[in-house]
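Presented below is the structure to which this report refers.
The values are calculated or read from the model by the stated rules, or taken from the named source; none is laboratory data. Quantities reported herein were computed from a predicted structural model and do not represent experimental measurements. Cβ coordinates were reconstructed from backbone atoms using ideal geometry, including for glycine residues, and neighbour counts include every protein chain displayed. Note: accessible area is taken over every heavy atom of the protein model, side chains too, but ligands, DNA and RNA are not part of it. Shrake-Rupley method; radii C 1.70, N 1.55, O 1.52, S 1.80 Å.
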Amino acid sequence: MPNPVPSPARPRRALITGITGQDGSYLAELLIGKGYDVHGIVRRASNFNTHRIDHLYHDPHEPLAGGRGRMTLHHGDVTDANILERLVRAIDPDEVYNLAAQSHVRVSFEMPIHTYESVAIGTCKLLEAIRDHQQVGGRQVRFYQASSSEMYGASPAPQNEATPFRPRSPYAIGKLAAHWATVNVREAYGLHASCGILFNHESPRRGETFVTRKITRAVGRIRLGMQDCVYLGNLDARRDWGFAGDYVEAMWLMLQQERADDYVIATGRQLSVREFAELAFSLAGLNAADHIRHDARYLRPAEVHDLLGDASKARSVLGWNPPTTVEQLARMMVDHDIEMAQRERTLRDAGHKLIERRSGASGGA
Ligand code: NAP
Ligand code: F7E
């Protein structure tokens with residue numbers, strides 16, 4: 001089935017689930033820069049949850065700068081099949097990127113059913129909505145599934161597309177179900193559905209409970225004298241860490257291929273959690289060993305010890321080569337989090353001064 005040709009009358013349209021997350025924000029930025037009409041699904045929350053994409057909002061009454069696309073947000077949830085069907089029908093997308101997930105591995109042990117619902121069943125519901133829409137409308141919808149290196153679990157490193165999956169958490173089991181559901185619609189119905197098996201990727205926008213960001217946030221606050229130490233779990237786990245901004249480019253490239261397929265996306269370099277912490281602390285002139293404490297609460301019932309990706313296929317077929325090294329990534333995150341700590345301290349000090357002035361004033365009254 002031909003992919004629709006973009007025209008000025010109808011710029012290419014993408015639907016992103018999980019647009020408010022780390023990857024969703026970088027992907028939305030990339031697609032808007034390419035002139036896409038970007039639609040995102042946002043969960044209703046009692047607090048604002050769009051801080052990662054607020055800078056992409058453009059007043060619909062104002063003209064767009066040449067070549068840039070527009071972002072439109074819709075309330076929804078991937079566990080709600082009805083909304084997914086309605087949105088796919090109304091938006092009529094050329095490309096769908098499924099990034100929504102309860103994505104925290106340790107939390108998935110506490111909330112396995114909730115995790116399966118968003119990660120596995122949510123994906124199946126979205127695939128069904130796309131399959132129906134494509135059948136009725138006759139236009140091809142290209143689909144990207146956010147698969148994960150966690151699916152390899154206990155399989156020895158290095159891992160590539162031929163490595164057997166040995167999942168070790170409810171999160172990984174859910175991702176594996178979603179992965180095979182995506183492969184199945186490709187094989188059974190000819191859908192243009194691809195899976196990116198992405199190894200860990202981080203950024204200054206990474207959620208603060210993932211280990212790299214937890215470390216760089218602590219580095220910023222310790223550097224500014226607002227915190228003494230950081231409590232961590234297993235320091236010996238090894239991960240292949242890349243920059244999220246590089247990885248969303250690979251997602252887009254997968255959907256531009258004539259044939260849908262699955263690709264490992266990774267840097268091919270590995271550090272232990274301890275080594276990443278040493279690197280991050282040293283960039284701020286600090287010694288990691290002086291500030292890291294152990295807390296068994298951060299251990300997992302089953303750990304994934306050793307992940308190292310072989311992305312040869314993505315390099316040769318997609319021409320994807322991530323430019324950012326783990327040293328540059330750590331630098332970017334540490335600089336960002338020192339600046340964030342500076343802002344926090346300024347606010348805290350201003351607050352203290354205000355309270356002092358107020359209590360001084362009331363004391364005199
Ligand atoms: P993230 O920052 O945790 O973002 C997850 C996104 O999913 C958020 O926008 C979240 O919305 C949304 N979401 C969660 N449950 C949902 C539901 N039921 N309905 C609709 N939206 C829901 O994750 P990320 O790091 O950007 O990762 C993006 C995707 O890639 C995820 O599927 C993740 O599992 C997968 N992945 C990530 C990595 C990595 O290293 N980052 C590696 C491999 C695969 P709220 O903002 O409202 O919470
Ligand atoms: O843990 C260890 C922990 O939570 C990395 C998700 O994006 O990548 C991510 O999953 C390692 C683990 O990421 C703490 O035990 C030690 O070995 O940053 P993380 P993750 O579990 O690898 C994959 C590819 C995904 O798909 C996921 O969505 O660090 N670790 N101490 C700790 N981890 C955390 N979170 N907190 C600690 O205090």
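Residue-by-condition table, conditions (1) open to solvent by 20 Å² or more (accessible area, probe 1.4 Å); (2) within 16 Å of ligand 1 (Cβ to nearest atom); (3) not charged (D, E, K, R):
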| site | (1), (2), (3) |
| --- | --- |
| Asn234 | yes, no, yes |
| Arg238 | yes, yes, no |
| Trp252 | yes, yes, yes |
| Ala260 | no, no, yes |
| Arg269 | yes, yes, no |
| Ala289 | yes, no, yes |
| His294 | yes, no, yes |
| Leu299 | yes, no, yes |
| Val304 | no, yes, yes |
Restricting attention to the stretch 108-141, report how many residues are touching a residue at least 60 places away in the same chain (Cβ under 8 Å), open to solvent by 10 Å² or more (accessible area, probe 1.4 Å) and touching a Ser or Thr at 6+ places or on another chain (Cβ under 8 Å).
1
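So how many residues does the stretch 211-223 have that are of a type in the set (S, T, N, Q) and more than 8 Å from ligand 2 (Cβ to nearest atom)?
Quick first cut of the stretch 211-223, residues of a type in the set (S, T, N, Q) only: 212, 216.
With more than 8 Å from ligand 2 (Cβ to nearest atom) added as a condition, the list becomes 216.
The qualifying residues number 1.
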Would you be able to say whether some residue in the stretch 333-356 is part of a helix (DSSP H, G or I), open to solvent by less than 30 Å² (accessible area, probe 1.4 Å), within 30 Å of Pro164 (Cα to Cα) and at pLDDT 95 or above?
no
Looking at (1) touching a residue at least 12 places away in the same chain (Cβ under 8 Å); (2) out of contact with any Leu (no Cβ under 8 Å at 6 or more places or on another chain), which one does Pro93 not meet, given that it meets all the others?
(2)
Could you tell me how many of the residues in the stretch 187-210 are within 12 Å of ligand 2 (Cβ to nearest atom), buried (at least 16 other Cβ atoms within 10 Å of the Cβ) and either of a type in the set (Gly, Ala, Ser) or over 14 Å from the mean Cα position of the chain (by Cα) (or both)?
2
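Which residue out of Asp261, Asp240 is more than 14 Å from ligand 2 (Cβ to nearest atom) and at negative phi? Outline the logic, then answer.
Numbers: Asp240 fails: more than 14 Å from ligand 2 (Cβ to nearest atom).
That would be Asp261, the only listed residue that is more than 14 Å from ligand 2 (Cβ to nearest atom) and at negative phi.
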Which condition number in (1) part of a helix (DSSP H, G or I); (2) in contact with a Lys or Arg (Cβ under 9 Å, 6 or more places away or on another chain); (3) farther than 17 Å from Thr325 by Cα is the one that Glu275 fails?
(3)
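Out of the stretch 313-331, which residues are of a type in the set (Gly, Ala, Ser), in a helix (DSSP H, G or I) and exposed (fewer than 15 other Cβ atoms within 10 Å of the Cβ)?
Applying the first criterion (of a type in the set (Gly, Ala, Ser)) to the stretch 313-331 yields 314, 316, 319, 330.
Restricting the remaining residues to those that are in a helix (DSSP H, G or I) gives 314, 316, 330.
Answer for the stretch 313-331, where residues must be of a type in the set (Gly, Ala, Ser), in a helix (DSSP H, G or I) and exposed (fewer than 15 other Cβ atoms within 10 Å of the Cβ): just Ser316.
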